[in-house]
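The values are calculated or read from the model by the stated rules, or taken from the named source; none is laboratory data. Model, not experiment: these values are computed from the prediction. So basically every Cβ, Gly included, is an ideal-geometry build from the backbone, and we count neighbours across all protein chains shown.
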Amino acid sequence: MATSSELDERIEKCQHLMEADPNSQIFAALAEAYRKKGDLDLAFRICKNGLKVHNNYGSAHVVMAKINLDRGLYDWAEIEAKRASELDGKTRTVGLLLAEIYIYKGEFKQAIKILKDLHSKDIDNPQIKKLLEIAQRIPEEQAAEAETVQVESGRIEVTEVARPGDSPIAIAPKGMDLKEVMDEALAVKGVRGALLVSNEGLVAESRWQLKSDVNECGAVMSEIWKSLSGQKLSKAFGNANNVLIESSDLIFYLVKSYNGVLVFVAGPTTNLGTLRLKIEGLVENLTQTVGGL
């Protein structure tokens, strides 16, 4: 893996080449270097502009797929990876990328199918072996966890009943309470705030490291959530379970809770894929308890 200084040197070289020839295909390497540095917005803009000129450049579509995977835009990442496959054929690089995208999307059967095919052609490749093990293990763990919860659910006191269309937070016998989830969320790199906004638009609990007013943020996010959960939108697109909002300064990740909406606020350079995975993991461990928030 390239060090920060190596990436800076690579960026400088690519920029010089771009200055000499603005239409150079080196834009893909420049975007990839910025992606590895974590500057996803700049990487996206560079790659998007380059693809306007070189739309048939397969390697650039691979870079765009990786950028969108890091941003948590898995459907878009899949489209770009498939476009690269159309242009350059079913290469190992694109196959591994598609498999990783499918794992993040929870489409494990498709990931396993690709990885088994790659493994049959390259049985000693450690990256293929690792992804295949992950793609096979996660659904097995999920099935085992679901069975455990079902068996032990008779010993859990629950006051909230899921309604049709809801996406209730998973109930775990040894889950975390809301305060613990928020404390853990703030330990995630890039996260600066976490709050629970009630159905009435009031902040019920928060952890806040921003200069802006937490109650104002809660009110705005509540209005946005209500708009997205409105009858017309839900009828056209279905009920919203989580929403990702990017502004020029911050990222807001909204997750449906059983009595409102959980809002997590992160800095603009935060890796969206990592943010979503870690936050979703925390939220899944949130226990609904009698008298809980």
Among the candidates Leu17, Leu40, residue that is in contact (Cβ under 8 Å) with a residue 60 or more places away in the chain and either among the aliphatic types (A, V, I, L, M) or touching a strand residue (DSSP E or B) at 6+ places or on another chain (Cβ under 6 Å) (or both): Leu40
Qualifying residue in segment 50-65 (condition: out of contact with any Lys or Arg (no Cβ under 6 Å at 6 or more places or on another chain), without any contact (Cβ under 8 Å) to a residue 40 or more places away in the chain, closer than 18 Å to Glu107 by Cα and part of a helix (DSSP H, G or I)): yes
Residue in segment 228-244 that is part of a helix (DSSP H, G or I) and at pLDDT 80 or above present: no
